[in-house]
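Here is the structure we will look at.
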Amino acid sequence: GAVVSQHPSRVICKSGTSVKIECRSLDFQATTMFWYRQFPKQSLMLMATSNEGSKATYEQGVEKDKFLINHASLTLSTLTVTSAHPEDSSFYICSARAYEGEDEETQYFGPGTRLLVL
Amino acid sequence: KQEVTQIPAALSVPEGENLVLNCSFTDSAIYNLQWFRQDPGKGLTSLLLIQSSQREQTSGRLNASLDKSSGRSTLYIAASQPGDSATYLCAVRPEGSGTYKYIFGTGTRLKVLA
């Protein structure tokens, strides 16, 4: 099956710094990727939809200037948490929608990135 | 606004039991529904996907049903095993042109005791 990777898998940073998380579709092209955030013992909350070659669409309540999304190619989307604060500590998961074919309705999820801001 | 709820929130059972996990959603205008498994600190694994026109899907010991009109889905796990211990999430994809995002439920944390 299709594989989505995330890098890094875990990151610890100081408050005020910026952190970039990468989401890659390894063996398929993804025109659309999604970024989710998951707090401990809670479900996934969609943050934004990342579209290749255009601006991301953010969910209500998500600060677009704080969570910068770039989808520069059909296999890579990045999420940058700017001026991170301890409350940004969370598990960030991306998913990628396959470009075409019978897998069009299937989204493939990455393994997640755990961010800890000190 | 679509809301997805899962009951129970947590479940602990002895090995071998048959289980039913419940998922309800408030807006029946969905394109499909998926059940996922999440192991602690890990990403998601898709288990079953049910299109809105379907009533159920089966994979091995798993069977998922969908009653779109009543806003309910159930995941049935037969002969549970310790390896089934994980959090199970259901998610719905709302209807709408160009809408591919999923709205996730609150999850059921399952522990199967050996």
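The values are calculated or read from the model by the stated rules, or taken from the named source; none is laboratory data. Note that the structure is predicted; figures quoted are calculated from it, not measured. Don't worry about glycine lacking a Cβ; one is built from the backbone with ideal geometry, like all the others, and counts go over all protein chains shown. Just the protein is used for accessible areas: all its heavy atoms, side chains included, with ligands, DNA and RNA removed. Shrake-Rupley method; radii C 1.70, N 1.55, O 1.52, S 1.80 Å.
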Number of the condition not met by A:SER83 [criteria: (1) at negative phi; (2) at pLDDT 90 or above; (3) away from chain B (no Cβ under 11 Å)]: (1)
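Can you work out which of the residues in segment B:82-107 that are closer than 16 Å to B:LEU48 by Cα and β-branched (Val, Ile, Thr) is farthest from the other protein chains (Cβ to nearest Cβ)?
Filtering segment B:82-107 for residues that are closer than 16 Å to B:LEU48 by Cα and β-branched (Val, Ile, Thr), the one farthest from the other protein chains (Cβ to nearest Cβ) comes out as B:VAL92.
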All positions within segment A:57-73 that are within 20 Å of A:SER25 (Cα to Cα) and either within 12 Å of another protein chain (Cβ to nearest Cβ) or loosely packed, with under 14 Cβ neighbours inside 10 Å (or both): A:THR57, A:ALA72, A:SER73
Filter result (within 18 Å of B:PRO94 (Cβ to Cβ) and polar (S, T, N, Q)) within segment A:51-73: A:ASN51, A:THR57, A:GLN60
Residue satisfying all of: in segment B:22-75; more than 25 Å from A:ILE93 (Cβ to Cβ) and within 13 Å of chain A (Cβ to nearest Cβ); nearest to the chain's Cα centre (by Cα) among these: B:GLN54
Tally of residues being in contact with a Leu (Cβ under 7 Å, 6 or more places away or on another chain) and of a type in the set (Phe, Trp, Tyr) across segment B:77-114: 2
Tally of residues being open to solvent by 50 Å² or more (accessible area, probe 1.4 Å) and part of a loop (DSSP other than H, G, I, E, B) across segment B:67-99: 7
Number of the exception - A:THR49 against (1) of a type outside the set (Gly, Ala, Ser); (2) in a strand (DSSP E or B); (3) modelled with pLDDT under 95; (4) closer than 27 Å to A:LEU118 by Cα: (4)
